[in-house]
Amino acid sequence: MHSAVLLIEFGSIILGLGLLGRFAARFRLSPIPLYLLAGLAFGEGGLLPLGASEEFVATGAEIGVILLLLMLGLEYTASDLVSNLKTHYPSGLVDCALNALPGAAMALLLGWGPVAAVVLAGVTWISSSGVIAKVLGDLGRVGNRETPVILSVLVLEDLAMAVYLPIVTALVAGVGLMAGSMTLAIALGAAGLVLFLAVRYGRLISRFVSSDDPEKLLLVVLGLTILVAGVAQQLQVSAAVGAFLVGIALSGEVAEGAHTLLSPLRDLFAAVFFVFFGLHTDPSSIPPVLLPALALAVVTALTKIATGYWAARRAGISVKGRWRAGGALVARGEFSIVIAGLAVAAGIEPSLGPLATAYVLILVVLGPLTARYTEPVAMWWSGRREARRGTPEPAPRKTEAEAPVGD
């Protein structure tokens, strides 16, 4: 009987997610807010709470986080990451300062303590690579001059996750200073080692994993990723970081083949992850934090626009391109929820999950709008200011004495 209920509940979840995804695609929206709302509807305090499938959904959510980070790692080669780090690190520092500090300040103002402040800083810092990539494609801006600047900021954020996630994992676990330092040292050592091996021996690693049979390639890459993620979790480094490093280590045809094979699985389990996060958020807990979430969304939307503008200006992009770069970076999504999920699972602050949910819902909807309209609105406003400053005074009318002969 329990098995039948499990199958019915989980089948209904998957079917519902598919229908929501189709609805979002029809209107060219990100499905993330719909997945979160579905979780809210069927979670604690929702319309129809689920029971039998919750443990299964929790396991699926863990796999979803692992696959999200693996696919992110597959997008980049180690040489790309090293090159971006050397060239664009000032933009990464500005991005961190402008967008992490508002989250930390809000948590401290709400009296949540330093651990919650570090977590909320990450929630407001990291942009949604998935949503931004889709928006750039929809707007036909993939070939624009400002797009490499946008991607460089996203790459630096993703690389920073390899350092940030172990810190958050150690903090929410309540480990001491010595144990936390050891965790960070292990994470940095592992990231450095993987980057070195990927740059020096990337072809050999890819050749070892490579297979002409798609089934064998899928099994080897997926098995290796989950194994490394489990070892990383055991070392308190974070399973997500382990998966990210596996993705970086693979390159060439292997990375392309794995990306193609794993994309449907990533989409499936990532959707399950968003539902799982929503399941553990009581809808009645969102209204009390809605105003702080809205204020934080407005502030960090502006700071992201400033970040993109500054980074594009540093790269020599035109004024219009600077505004487009800033507007494109506003969306938050999957990784903000991943970070908040670590704190929610550890029971750090009951209101953190609802605030993160409301915050992501606002910005994942607002992000595509800022990407489309920031540049035209900014140029319109700039034109009005210039018109006010530079409007010439009307020339005096000519008198008859001043009129030229023959007029």
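The values are calculated or read from the model by the stated rules, or taken from the named source; none is laboratory data. A quick note: this is a predicted structure, and the numbers were derived from the prediction, not measured. FYI the Cβ positions are ideal-geometry reconstructions off the backbone, even for glycines, and counts take in every protein chain you see. Areas reflect the complete protein model, heavy atoms only, side chains present, ligands, DNA and RNA absent. Shrake-Rupley method; radii C 1.70, N 1.55, O 1.52, S 1.80 Å.
Got a number for residues in the stretch 155-169 being of a type in the set (A, V, I, L, M) and either open to solvent by 10 Å² or more (accessible area, probe 1.4 Å) or over 25 Å from Val344 (Cβ atoms) (or both)?
The number of residues fulfilling the criteria is 6.
In the stretch 14-47, which residues are more than 19 Å from Ile362 (Cβ to Cβ), at pLDDT below 85 and either open to solvent by less than 50 Å² (accessible area, probe 1.4 Å) or touching a helix residue (DSSP H, G or I) at 6+ places or on another chain (Cβ under 8 Å) (or both)?
Phe42, Gly43, Glu44, Gly45, Gly46, Leu47
Within 23 Å of Val172 (Cα to Cα), out of contact with any strand residue (DSSP E or B) (no Cβ under 9 Å at 6 or more places or on another chain) and open to solvent by 40 Å² or more (accessible area, probe 1.4 Å): does that describe Asp282? First the steps, then the outcome.
Details: within 23 Å of Val172 (Cα to Cα): yes; out of contact with any strand residue (DSSP E or B) (no Cβ under 9 Å at 6 or more places or on another chain): yes; open to solvent by 40 Å² or more (accessible area, probe 1.4 Å): yes.
So Asp282 fits the description; yes.
Among all residue pairs at least 6 apart or on different chains, which show Cβ distances below 7 Å where the first residue, located in the stretch 103-119, is open to solvent by 20 Å² or more (accessible area, probe 1.4 Å) and the second is part of a helix (DSSP H, G or I) and of a type outside the set (A, V, I, L, M, F, W, C)?
Met106/Pro292; Leu110/Pro292
Can you find a residue in the stretch 121-129 that is out of contact with any His (no Cβ under 7 Å at 6 or more places or on another chain) and modelled with pLDDT under 80? Working first, answer last.
Residues of the stretch 121-129 out of contact with any His (no Cβ under 7 Å at 6 or more places or on another chain): 121-129.
With the extra rule that they be modelled with pLDDT under 80, the set shrinks to 129.
For the stretch 121-129, residues out of contact with any His (no Cβ under 7 Å at 6 or more places or on another chain) and modelled with pLDDT under 80: present.
If you check Arg313 against the conditions, is it open to solvent by 10 Å² or more (accessible area, probe 1.4 Å), of a type in the set (Lys, Arg) and touching a residue at least 24 places away in the same chain (Cβ under 8 Å)? It would help to see each step written out before you state the result.
Details: open to solvent by 10 Å² or more (accessible area, probe 1.4 Å): yes; of a type in the set (Lys, Arg): yes; touching a residue at least 24 places away in the same chain (Cβ under 8 Å): no.
Answer is no for this residue.
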